[in-house]
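Below is one structure; the comments refer to it alone.
The values are calculated or read from the model by the stated rules, or taken from the named source; none is laboratory data. This is a predicted model, so every value here is computed, not measured. All Cβ positions, even for glycine, are placed from backbone atoms using ideal geometry, and neighbour counts span all protein chains on display.
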Amino acid sequence: MTYLKYIGKRLLLLIPVIVGITFVLYFIMALSPGNPAQLILGADATAEQIQALEEEMGLNDPIIVQYLNYMLGVIRGDFGTSWVSGYNVLGEFILRIPNTLLIAVLATVGAVALGIPMGIYSAVKQYSLFDYGGMVVAMLLFSVPAFWLGIMCQILFCLILGWLPAAGDESLRYFILPSIVLGANTFASMIRMARTSMLDVIKQDYIRTARAKGAPERRVIMRHGVRNGLIPVITQIGISFAGAVGGAIVTETIFAINGVGMLLLNAVKSRDIPVVMGTVIFVAAIVGIINLVVDLICAKVDPRIDLAS
């Protein structure tokens, strides 16, 4: 019952967050330079045609009225249609979100599978050559911009070696390189977070007590150290995955993947407000749900976390 009440409370708190995000975003988009009706009709449109389209789209109403009309439609499940292309926003998002989720999952799983063991081993072998090497790799991946890393990977793996395709989303092979690029920053985060967390844990009294009782070092680390050091790492995994879902624009642009990032980028360029608003609402909801799942996992791993409080 505690879990259900907590889930219900968090989902309710997600509503004002989405409202606040959409309110600010709608005003920014509506007040930005340019006329959506002019963009839709083109440079050859007459003033009468532009005025008629503005009236049809409700652009002559006050901005607050436009926003309220849009949100009333969202409550009814109507996220509108694209002003530029005419497609249904909800249908287009459902069509594109699998590509974005696939990249985010592959990037996060790969980064976690490699980064956490490296971070734990670096903490156990502190100040060793492996530890210094891991920190250098983490700092480099933190510093390298995603667009530069993506281009360099395309040149190396696609043009020079010919191992992977450079762009597209036709099969799973096309998602390998984008996942590596998107997961590079997460990989660095996992190394640093796992190392820092484990260093804090292995200095605790109960670790020294377990060693003093003659427990094997492997058992001390895996049973007593890793589990207690997982809480901040799990939180970081959730943050990284949410960031991968919401921040895949650069990766999808470089590798020409028809995902949510490309959809949002093209909509912003053309001031396609229904698409921008709908995409942001969906992504905000996904990120909120991911954070909720992370909190539930942390409570399951560490019984000391009291969700009721």
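If the condition is being assigned to a helix (DSSP H, G or I) and within 17 Å of Leu106 (Cα to Cα), then the stretch 216-247 contributes Ile234, Gln236, Ile237, Gly238, Ile239, Ser240, Phe241, Ala242, Gly243, Ala244, Val245, Gly246.
Restricting the stretch 212-253 to residues that are among the charged types (D, E, K, R) and surrounded by fewer than 16 Cβ atoms within 10 Å (Cβ to Cβ), which is farthest from Asn291 (Cα to Cα)? Spell out how you get there, then give the answer.
Looking only at the stretch 212-253, we keep the residues that are among the charged types (D, E, K, R), and these are 213, 217-219, 223, 227, 252.
Retained after the next criterion (residues that are surrounded by fewer than 16 Cβ atoms within 10 Å (Cβ to Cβ)): 213, 217-219, 223, 227.
Details: Lys213: 39, Glu217: 34, Arg218: 32, Arg219: 31, Arg223: 26, Arg227: 20 Å.
Checked the stretch 212-253; the qualifying residue farthest from Asn291 (Cα to Cα) is Lys213.
Just give me the residues in the stretch 248-291 being over 23 Å from Arg76 (Cβ atoms), in contact with an Asp or Glu (Cβ under 7 Å, 6 or more places away or on another chain) and part of a helix (DSSP H, G or I), in sequence order. Residues satisfying the conditions are Gly261, Met262.
Residue pairs whose Cβ atoms lie under 9 Å apart, sitting 6 or more positions apart in sequence or on different chains, and linking a residue in the stretch 189-215 that is free of Cβ contacts under 8 Å to residues at least 60 places away in the same chain and outside the structural domain of Ala113 (by TED's automatic domain parsing) to a partner that is surrounded by fewer than 21 Cβ atoms within 10 Å (Cβ to Cβ) and assigned to a helix (DSSP H, G or I), do not occur here.
Which residues, counting only those in the stretch 6-57, are of a type in the set (Lys, Arg), in contact with a Leu (Cβ under 9 Å, 6 or more places away or on another chain) and without any contact (Cβ under 8 Å) to a residue 12 or more places away in the chain?
none
Yes or no, residue by residue, for (1) in contact with a Pro (Cβ under 6 Å, 6 or more places away or on another chain); (2) modelled with pLDDT under 85; (3) more than 30 Å from Phe157 (Cα to Cα); (4) not charged (D, E, K, R):
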{"position": "Ala210", "(1), (2), (3), (4)": "no, yes, yes, yes"}
{"position": "Ala256", "(1), (2), (3), (4)": "no, no, no, yes"}
{"position": "Val268", "(1), (2), (3), (4)": "no, yes, yes, yes"}
{"position": "Val283", "(1), (2), (3), (4)": "no, no, yes, yes"}
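Within the stretch 45-83, the set of residues being closer than 24 Å to Val245 by Cβ, among the hydrophobic types (A, V, I, L, M, F, W, C) and not in a helix (DSSP H, G or I) comprises just one member, Phe79.
Every residue in the stretch 58-90 that is within 20 Å of Ile28 (Cβ to Cβ) and touching a residue at least 60 places away in the same chain (Cβ under 8 Å), please.
Tyr70, Val74, Phe79, Gly80, Ser82, Trp83, Val84, Val89
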